[in-house]
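One structure below.
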Amino acid sequence: MKPIESPPRARRIPAAAIFPVALALAAALACDAFPHRTEGEQLWRKRCASCHGLDARGNTPQYMGNTNADLTDESWVGGSDDGSIETVIREGVFAQMPANNDLNREQMRALLGHLHLLRGERTR
């Protein structure tokens with residue numbers, strides 16, 4: 001009777017050889033996996049999206065049904081020109097929206113630009 005042979009052992013690849021390849025692959029994938037967010041979008045996500053939604057339609061649990069939370073329609077209480085919108089953003093709305101008076105001019109322009117993008121008035 002012939003003895004049973006063990007299967008050949010797999011060769012181990014040293015971790016030092018895998019790390020650079022994995023790092024290069026992760027960097028290549030990250031370029032498309034995480035889209036670049038403009039300053040306006042970053043500010044929108046941080047300061048506005050929790051109430052107005054990522055799409056500015058106001059479909060959030062807290063404000064669903066509140067027509068003032070939908071910024072994509074033509075119904076604006078304080079006016080829809082940039083000056084009026086900036087005033088509302090800076091001063092807030094009593095008991096509904098906090099003031100954002102700490103935004104500098106560039107941040108406000110970026111935020112307004114992103115809002116116009118969400119409203120379909122501009123393209124990137």
For this session: Could you list Met64, Met108 in order of exposure, starting from the residue whose Cβ has the fewest other Cβ atoms within 10 Å?
Result: Met64, Met108
Problem set entry | Estimated dipole of the chain in Debye, rounded to 20 [Cβ of Lys and Arg +1, of Asp and Glu -1, Cα centre] | 1080 debye
Seminar exercise, completed: Note on the chain: contact order normalised by length, alpha-carbon pairs under 8 Å, 6 or more apart, percent, works out to 20 percent
Exercise. Is any helix in the chain, taking whole DSSP H runs, at least 18 angstrom long along its axis by alpha carbon and on average at least -0.5 on the Kyte-Doolittle scale, and which ones?
Worked result: 15-33, 105-118
Seminar exercise, completed: Computed, not fitted: 222 nm per-residue ellipticity of the chain from DSSP H runs ≥ 4 (each -39500 (n - 2.57)), nearest 500, equal to -13500 deg cm²/dmol
Problem set entry | Residue among Ser50, Ala16, Pro61 farthest towards the positive dipole end of the chain, charges placed on Cβ | Ala16
Exercise. Using a Gaussian network model of the chain with C-alpha springs under 10 Å, which one of His36, His114, His52 is most mobile by mean-square fluctuation?
Worked result: His36
Exercise. Taking K and R as +1 and D and E as -1, what net charge do the other residues with C-beta under 10 Å from the C-beta of Met108 add up to?
Worked result: 0
Seminar exercise, completed: Among (1) 10.7; (2) 15.3; (3) 6.6, the entry matching mean projected area of the Cα convex hull in nm² as calculated here is (2)
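Here, each number is a calculation from the coordinates, and none is a lab measurement. In this text the structure is predicted, and so the values were computed from the model without any measurement. No Cβ is skipped: glycine too gets one built from the backbone with ideal geometry, and neighbour counts run over all protein chains shown.
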